[in-house]
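These notes are about the structure you will find just below.
Here, each number is a calculation from the coordinates, and none is a lab measurement. Keep in mind that this is a model prediction, so the values were computed, not measured. Every residue, glycine as well, gets a Cβ built from its backbone with ideal geometry; the counts of neighbours run over all protein chains shown.
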Amino acid sequence: MSFTEFKHPLIVDKLTRMRKADTSTKDFRENLNEIAGLMVYEIARDIPLSEIKITTPMGETKGFTIDVPVVIVPILRAGLGMVNGIQELIPTARVAHIGLYRDEETLQTHQYFAKTTKDIAEAYTLIVDPMLATGGSAITAIDIVKKWGAKKIKFICLVAAPEGVKNLQKAHPEIEIYAAALDEKLDSKGYIVPGLGDAGDRIFGTK
């Protein structure tokens, strides 16, 4: 049961900017993309490489290239805010989509959309969502991705609650979980405290 909290100064600084209630939609979105890129730089250290021969201006040598397809799976809609930051570092990554919503009364997760890529079974799969609150959406998304045939799966979020981490580890103990911050708790409505508000609304400027 692996959980990693990133405490890099650049990530901590950018997350602090995002938490502020008066941060603009533009700044919120830009910092989210930048944090996603910083995180995936570390997360992808175990991505498989293959040796290849290349020709430089000075002659032939060997090099290395990513050996597997990479698939990013944002949980709609807030997860979309992390895709660009990852694709800037891995431009060949494909994007599958999972649409989920949470019933505000029961806190149960419901699926309304899912579309995979053709190579998901062989892929290095990154499920992304800014918030890991109760863990319901993450658990459901991983269930779906496993049904698609994915085997190498990692879950990346910005802010996690202890309850969500515990629930996700119980449901999928083999999944590696990465967060920019582990927050204090969930409130009575299932929102992360101190958190950063509704990530989807803050990314897209909606209410």
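For this structure, a couple of remarks:
- Between region 41-75 and region 116-179, the alpha-carbon center distance in angstrom: 24
- For the peptides 112-119, 130-137, 83-90, the ranking by mean Cβ contacts within 10 Å, running from highest to lowest, is 130-137, 83-90, 112-119.
- Remark: relative contact order (region 3-204) = 22 percent; criterion is Cα-Cα distance under 8 angstrom and separation of 6 or more residues.
- Exposure proxy ranking, count of Cβ atoms within 10 Å, fewest first, for LYS152, LYS7, LYS14: LYS7, LYS152, LYS14
- Nearest-ten-degree value, helix 25-43 long axis tilted from longest Cα axis of the chain: 50
- Greater than 20 Å apart at Cα, pairs in LYS146/LYS185; LYS7/LYS151; LYS14/LYS207; LYS154/LYS185; LYS115/LYS152: LYS146/LYS185; LYS7/LYS151; LYS14/LYS207; LYS154/LYS185
- Per residue Cα convex hull volume in Å³ - calculated over the chain: 133
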